[in-house]
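The structure appears below as structure tokens.
The values are calculated or read from the model by the stated rules, or taken from the named source; none is laboratory data. Not measured: the values here are computed from a predicted model. All Cβ positions, even for glycine, are placed from backbone atoms using ideal geometry, and neighbour counts span all protein chains on display.
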Amino acid sequence: MKYKIPSLETKRLILKSGSYEDYVKVYEYDFTRLRNIDGEFEFIKFDPEKLRGYETYALEEDNVLDFIIYLKDNNYPIGNIVYDRYNETNKSLEISCNLHPDYWRNGYMSEAIIETMRYVFNNLDIDNIIYGYAEENYKSKGLSDKIGFKYYKEHIEHYKRIDKDIKEINTIMSKDEFNMKWG
């Protein structure tokens with residue numbers, strides 16, 4: 001099913017579809033270099049040509065929502081949240097997110113995730129949301145813990161760029177757990 005991406009608002013943010021230019025601003029840096037995988041943490045510029053098509057991905061695929069996160073006071077794009085990889089067995093979507101490093105440590109991502117999860121659980125036939133992160137990515141683990149995701153499962157993923165196996169942790173939150181915590 002193709003989802004319609006709504007425009008959502010929080011006290012500080014607007015969450016909605018974005019343009020190619022918005023993705024270029026959000027993805028100024030290569031986020032794969034900012035995850036602290038194997039101790040790597042480098043501000044490497046990302047090739048904007050690799051972003052072509054990001055703005056239409058959610059519109060063309062089934063069971064996908066892709067929100068750009070904008071600051072409400074100036075409408076500037078600072079991050080994005082994607083819900084995809086629908087699993088029929090547990091009626092879940094997986095969430096992935098990126099926030100431009102200039103905006104880290106302000107609570108923007110947790111605010112945006114909570115609002116988009118509220119939308120997903122209240123408007124779509126979804127029972128669970130899965131959030132995954134590399135074991136060494138302490139920022140993503142902290143975000144998972146802050147929102148209230150619980151351990152679900154883990155697997156080994158081979159990162160070709162550094163030729164190393166990394167443990168990926170998947171966490172999960174049910175609709176009922178979300179409503180109890182964030183209602």
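Side notes on the structure shown:
- Leu93 in contact (Cβ under 8 Å) with a residue 60 or more places away in the chain, part of a strand (DSSP E or B) and among the aliphatic types (A, V, I, L, M): no
- Residue that is surrounded by 18 or more Cβ atoms within 10 Å (Cβ to Cβ) and at pLDDT below 95, where the choices are Tyr133, Tyr138: Tyr133
- Within segment 1-43, tally of residues that are part of a loop (DSSP other than H, G, I, E, B), surrounded by 15 or more Cβ atoms within 10 Å (Cβ to Cβ) and not charged (D, E, K, R): 7
- Some residue of segment 19-32 being under 18 Å from Tyr76 (Cα atoms), of a type in the set (Val, Ile, Thr) and touching a residue at least 12 places away in the same chain (Cβ under 8 Å): yes
- Any hit, segment 142-149, residues being of a type in the set (Ser, Thr, Tyr) and under 23 Å from Tyr23 (Cβ atoms): no
- A Cβ distance below 6 Å, combined with a sequence gap of six or more or placement on separate chains, defines the contacts here; from segment 157-173, residues that are more than 9 Å from Gly132 (Cα to Cα) reach residues that are modelled with pLDDT under 85 and among the hydroxyl-bearing types (Ser, Thr, Tyr) in the pairs Ile166/Tyr159.
- When Ala112 is tested against (1) closer than 18 Å to Lys25 by Cα; (2) exposed (fewer than 13 other Cβ atoms within 10 Å of the Cβ), only condition (2) is not met.
- Scanning segment 1-34 for residues that are in contact with a strand residue (DSSP E or B) (Cβ under 6 Å, 6 or more places away or on another chain) and farther than 13 Å from Ile68 by Cα returns Tyr3, Phe31.
- Near pairs, Cβ below 9 angstrom, 6+ apart or cross-chain, from segment 134-152 (on the phi > 0 side of the Ramachandran plot) to any residue that is surrounded by 15 or more Cβ atoms within 10 Å (Cβ to Cβ) and outside any helix (DSSP H, G or I): Gly148/Met173
- Residues satisfying the stated conditions in segment 44-60, i.e. under 28 Å from Asp127 (Cα atoms) and surrounded by fewer than 13 Cβ atoms within 10 Å (Cβ to Cβ): Thr56, Glu60
- Checking every residue in segment 65-72 against the condition of being surrounded by fewer than 14 Cβ atoms within 10 Å (Cβ to Cβ), in contact with a strand residue (DSSP E or B) (Cβ under 9 Å, 6 or more places away or on another chain) and either in contact (Cβ under 8 Å) with a residue 12 or more places away in the chain or within 17 Å of Tyr20 (Cα to Cα) (or both) gives at least one match.
- Segment 44-58, subset part of a helix (DSSP H, G or I) and among the aromatic types (Phe, Trp, Tyr), residue farthest from Trp104 (Cα to Cα): Tyr57
- Checked against (1) among the aliphatic types (A, V, I, L, M); (2) closer than 20 Å to Asp22 by Cα; (3) modelled with pLDDT under 95, Ile81 passes all but condition (3).
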